[in-house]
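A short write-up of the structure that comes next.
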Amino acid sequence: MADLWQIYSKPVPADGGELWTLFLQCSCITVVIGGLFYNWMFASLEYSWRLSVAMAVSFSLLLLLTLLLVHPARCVFSMIMPTLGTKQGRKLLFSTCIMIAVVNITPNIVSNIKTILQVIKCICKNSSDSLLNSTALLEKVSWEFGDAIQETVHSIYKPMNGHFRFSLLQNSSLIYQKMHLAGEKISREFLSVEVLVKDSIRVANRLAAGLFTLYLCFESTWYLKNYLTNLHFDNFYITKKLERLAVERKAAHLLVGSSKKLIRPTGLKLSWEEVVPCLVQAMLVTVALMLMLVVVAMDHFAFSVADTAVRRAAQFSAVPVTLSINYKVEIGIMSFLFKVFGHPSKELPLGDFNRTYHHHLNFSSAHCSISPPTPPNPSVLLVVGLLFCILYATVFLETYARRLCRKIAASFFQSREEERALYLYRKLSRRH
């Protein structure tokens, strides 16, 4: 592995064997990166498979030529891998989390809201049916009541017409049509809002992912540029070259006396300047986690409400309605005349009407087309949880990723690393 890395980090291969080895190394790297690039564009950014394949092939060929012919480009590309463990890599992971939420969690919330609206629509439809049927019952009651009035004992007191004129809405299809149009309008509005939100976030996520990727390359290039031009940049490590230089000049005590300010790149010690940014980044990741948990909670809440609505709607019992009519008529004029002439009062009944009618108001029906509520996908929650675990890990691994970047740059430019070690040694000597 050391020999392969030495061939890979050389500016120019020494012979044909090293050239073929470098070509095989760059080819393997290109194939792996091309496959990941295709999967990222097709699965995460949701581009078409034709465009994803074309972009992946073009990117792979360009990357192969660049790695094979440009030595600094190989260094920058090698530093991109540990740079993924820094804040730029976290931005890409944030972008992936947002896309997962848009593609999987948001449609689930909208689907459960549609289920709730279907339950409300079903209840309204069945309630209107029951109310229309109750008007039919009132029509029946009115005609029976009118017939009973006509059947009086004394025909002289018989009314001309005992039937009530009851206006009944016969065209119930108009109500159903209006309810159907209202439901279709609400469904179209929800669908348009869902499509608009998904498209907007998809475009924003694609732009953000492209910018973050470009900035990832820019940050690695910026680090290499500062490493090559600024001897003071990221130069506070006790490297092997510095130790060898101190031993050769019999000044090993300089490294011991300055151990509080210098860090060994292979150790686990973190300076206070490295700990503070880690804590700040951890707080930012926590804020993002809280926002994602709000979205997940909304998904669970929408499913709970939809499931409760469907179950309660199925358990709605018919409401019994009882209509009782008690009717009794007497002639008061005859009673008044009997009292005037001193005769005992005599009632002349015209007939009684005592009947009870029963009806039921139904709020649910088995014929309603209600889609079952969609529970939250546990695999999506697992993936989001793993991504946030990686985010928290990168917060505390960012320092070690930067140390790895320095080590990669040192292996590609060994002469510059010797100059940096000499500069740090002289700086320690002046302080001593």
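Summary table below
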{"quantity": "LEU214-LEU361 pseudo-label distance in nm [points 7 Å out on the Cα-to-Cβ vector]", "calculated": "6.4"}
{"quantity": "Rg/Rh for the range 1-69, where both radii come from Cα atoms and Rh is the Kirkwood radius", "calculated": "1.12"}
{"quantity": "Segment GLU418-VAL193, extension gain: residue separation times 0.36 nm, minus the distance between their alpha carbons", "calculated": "74.9 nm"}
{"quantity": "Å² per residue, accessible surface of the range 1-69 at 1.4 Å", "calculated": "64"}
{"quantity": "Approximate spin-label separation LYS178-CYS278, in nm, with each point projected 7 Å along Cα-to-Cβ", "calculated": "6.8"}
{"quantity": "Accessible-area composition of the range 1-69, carbon plus sulfur, in percent [1.4 Å probe]", "calculated": "76"}
{"quantity": "Label point distance in nm, ASN39-HIS253, each placed 7 Å from Cα along Cα→Cβ", "calculated": "5.7"}
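The values are calculated or read from the model by the stated rules, or taken from the named source; none is laboratory data. Only a predicted model underlies this, so the values are computations on that prediction, with no experimental measurement involved. When we count neighbours, we look across all protein chains shown, and the Cβ atoms used for this are built from the backbone with ideal geometry, even at glycine. Each accessible area value is taken on the protein alone, full model and side chains, heavy atoms only, with ligands, DNA and RNA left out. Shrake-Rupley method; radii C 1.70, N 1.55, O 1.52, S 1.80 Å.
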